[in-house]
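Since the structure comes first, as structure tokens, the remarks are kept for the end.
The values are calculated or read from the model by the stated rules, or taken from the named source; none is laboratory data. Here the structure is a predicted model, which means the values were calculated and not measured. Cβ coordinates were reconstructed from backbone atoms using ideal geometry, including for glycine residues, and neighbour counts include every protein chain displayed. SASA here: full protein model, heavy atoms, side chains in, ligands and nucleic acids out. Shrake-Rupley method; radii C 1.70, N 1.55, O 1.52, S 1.80 Å.
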Amino acid sequence: MELDWGNLPGYDDIKGFMANNRRKSQDDWNMIKETSAETLLGREMLKSRESGERSYGFRQIKSEESNKSVFVTQKGNVVGGGTYSVLNALSAYLRYLEGTARDDWQEVHDKLRASENRNGASFNALFGSALSLGIISRRRVHYEAIKYEKERKAGFLSPFGYSAATIAAAVEAVCSKEWYWILALRNQINNDGKQSTRIWRWNGFLIQYTVAGEDGPAVLLVHGFGAFGEHYRDNIYGLSSTGHRVWAITLLGFGKSEKPNIVYTELLWADLLRDFIVDVVGEPVHLVGNSIGGYIVAIVARVWNVLIKSIVLINSAGNVIPRNTSMSLSRQSVSKDN
């Protein structure tokens, strides 16, 4: 009650403050996240082609779905809307093998076939956003899938697996999400005083990372293939104790980060690192990568050099997708620290 609240600033005061503020605004940083590495690299490849052919990652697919469609994105490949609509789409998904004469269910079946780039991948592709937004819960999906399985098996559940691939895909996806959510709750209390383990949600998936240090330049450590954030367990404290703030991330699909049934590429991981720098670190970083992590940080530095102060490549490895090696690393874009 005794605080001096000061004077309420007027429009001219706020305008002057914004004009004089030299820090990069959050809106500018958020704009960096709007375009994927695949699209940006595709644009540069287009410039070098006299024929003007569109690259594989720069095709625009226009949705021709009706207004009543349960698919809500521009590409028409993500289920959305109200809970009833999502449950209806889930029923259609689970009953794929039965066939249907219903137009709305046939639409789901068509999208399922288009999204099944690997066994069971279609469920996360179609329903992942609805789960992340809370339109439908993991446990409701599990309940509906098991109920349908019992209908097919006269009330019994076989110990040898499920009777339909769609049932298995739905159950395995939500059980995996539930497991990593519980694991995340446990890991969040891990703090030994020197460094702490935290969880960050990226595109609906849980990502584990370690952070240490309170002041100094920001350093982001990226592990190699088959490893995880604790690969740098002997380096984190040493760097933080010498005046650095250190983050060690566990990439999607590794360690205790979530492992969704999706196609993994170096460009997916590059997008992950970009968003981590923008959302979690909040300022340009010194980026360190080992093995395949070195290749990924080089992509980030090449595409979004405004986010990078320097890169350190440790035994840097090659690419995951061969076609992604056509863009050279510009000397003007990054610097190297030994």
Virtual spin-label span in nm between residue 280 and residue 137, 7 Å along Cα→Cβ: 2.8
Across 75/177; 33/75; 147/177; 33/147, pairs whose alpha-carbon gap is larger than 30 Å: 33/147
Inter-probe distance in nm under a simple model that places probes 7 Å from Cα toward Cβ, at residue 163 and residue 35: 5.1
Candidate residues 274, 43, 139: accessible-area rank, largest first, probe 1.4 Å: 139, 43, 274
Nearest-0.05 FRET efficiency for residue 2 and residue 98, computed from C-beta distance (R0 51 Å): 0.10
Sequence-distant residues sharing a close amide H with residue 163 (under 5 Å, placed H): none
Segments 201-211, 110-120 sorted - mean Cβ within 10 Å per residue, highest first: 201-211, 110-120
From phi via Karplus (6.51, -1.76, 1.60), per-residue ³J(HN,Hα) for segment 146-161 in Hz, x at Gly/Pro: 5, 4, 5, 4, 5, 5, 6, 10, 6, x, 10, 10, 7, x, 9, x
Other-chain or far-sequence residues with amide H under 5 Å of residue 222's (modelled H): 288, 289, 290
Stokes-Einstein D (µm²/s) once Rh is taken as the Kirkwood radius of segment 135-292 over alpha-carbon pairs, at 10 °C in 1.306 mPa s: 91
Accessible surface, segment 103-182, averaged per residue in Å² (probe 1.4 Å): 54
Phi to ³J(HN,Hα) by Karplus 6.51 cos²θ - 1.76 cosθ + 1.60 over segment 195-204, Hz, x for Gly, Pro: 8, 10, 9, 10, 10, 10, 9, 10, 6, x
